[in-house]
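A.B. asks: Can you read through this structure? Questions will come right after.
What follows is calculated from the coordinates using simple rules that are stated; it is not laboratory data. Remember, predicted model here, so these are calculated numbers, not experimental data. Virtual Cβ from ideal backbone geometry, glycine too; neighbours counted across all protein chains shown.
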Amino acid sequence: MSEAQNHIGETDLHAWADGCLAEGRRVEVEAWLAAHPEDAERAAAYRTLNEQLRAHFEPVLDEPVPERLEHAALRRRRWSVAAAVAGWLALGVTIGGVAGWQLHARYAPVPLARTETPVLARRAALAHATYAPEVRHPVEVGADQEQHLVAWLSKRLGGDVRAPRLDAEGMTLVGGRLLPRDPGPVAQFMYQSAPGRRVTLYVRTEGPDQRETAFRFAREGNVRVFYWIDRKFGYALSSADLEREELLRLANEIYRQLNP
Amino acid sequence: MSDVVSLIALIPRLRRYARALVGERAAADDLVQDTLERAWSKLHLYRHGTDLRAWLFTVMHNVHVNQVRAARPTAALEDDMPELAQRAVQGDALLVRDLERAIAALPAAQREVLLLVALEDLSYDETARVLGIPIGTVMSRLARAREKVRALMQGKGGSKLQVVK
């Protein structure tokens, strides 16, 4: 037994289970575990528990977020400005009252309560903000199963849903998911460009009394949305990464493909 | 990404942690809602540029502590202070094999450490900062939590920890 192995302790077993040992130490710990079956069993049980916990609670990430929580998160819209000010204050920078107020007046977004943004655009922006940053679970069904995805979403929405092709615009289909509400089911398709910029297309069934509309633009936080109603569906194209003009170009392309 | 969008994007993760922490869905969402509301009122304490998720876990921890304390004035989150969930299963430890019930049987202080490390993948340092405790306390709570869950899952009951050489 080497000198180092004598110093393998309780903390090392946990760190091994949590995968946070430096490479050299990991090798030492594994040598110890190979020679000490009881410790090896214990460390393996800890690691298994981690996996069980993640597997058990992972589905919570994919549940639709209750509306009351979205409202709680959005209740005030001055978050970024206030946080930035707080940050500067923490650094000891004094901001004059007038300067601070001007900053606030210039950058504070429109409060949610009196926003004119219609439900379609607002929900689309929220859905975008919820899923676009996802690294591990951006979609429920990946683009590799596109036929299945489109058939599934069409069935759930009760109409012929299609995933427009935006490859010529530099956006590749990542996949899609079903969002269960609003008030009927909603489909969300996600596209991504090579540098990792994302847009989502939100598709919901509209009632028969809804008239068709031209493109309209809305902004929620830093999510830009173009939305329109076309025959039986309402569409909203959202992105926090694309500028308004780029987004409009994509919206035009989508409209063109859906109305050949 | 603005912080508003970050905040919305973090809701699913807050919900996951809260669900594991308190067990029941509605109560967990209540905790998330209280956390978000408290986050707004404590915004001046958030240091811009630091990990927003970790900060929200801290806020949630404080909200949770206060709720538990309000429910049972003498309990707080002391290590050896069992919560209601544990009392419910204590006499029946042999039957506790289910993961959720094993987690629920932990004292809240141990459960928090275990979940932040094992479920939320925080480092020991981050966990110590989130909970405002020394890293040595993180390690001892983590060790006790894991041994207890292991024992419960093996149906050995929580009272007799295995002898560690």
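A.B. asks: Mind giving me the nanometre distance, one decimal, between the label points for A:A44 and A:R249, set 7 Å out from Cα along Cα→Cβ?
C.D. replies: Output for this residue pair reads 5.6 nm.
A.B. asks: What distance in nm separates the simple spin-label points at A:E51 and B:T137, each placed 7 Å from Cα in the Cβ direction?
C.D. replies: 3.3 nm
A.B. asks: Could you tell me which residue out of A:A55, A:L13, A:G24 lies farthest along the dipole of segment A:4-60 toward its positive end? Charges go on the beta carbon: Lys and Arg +1, Asp and Glu -1, centred on the Cα centre.
C.D. replies: Farthest towards the positive pole: A:A55.
A.B. asks: A further question follows. Calculated FRET efficiency, B:A26 and A:R197, Cβ-Cβ r, R0 51 Å, to nearest 0.05?
C.D. replies: Calculated transfer efficiency: 0.85.
A.B. asks: At a Förster distance of 56 Å, what's the computed FRET efficiency of A:F215 paired with B:D51, Cβ-Cβ distance as r, to 0.05? It would help to have the intermediate numbers written out before the result.
C.D. replies: Details: r = 38 Å, r/R0 = 0.68.
For A:F215 and B:D51, the calculated efficiency is 0.90.
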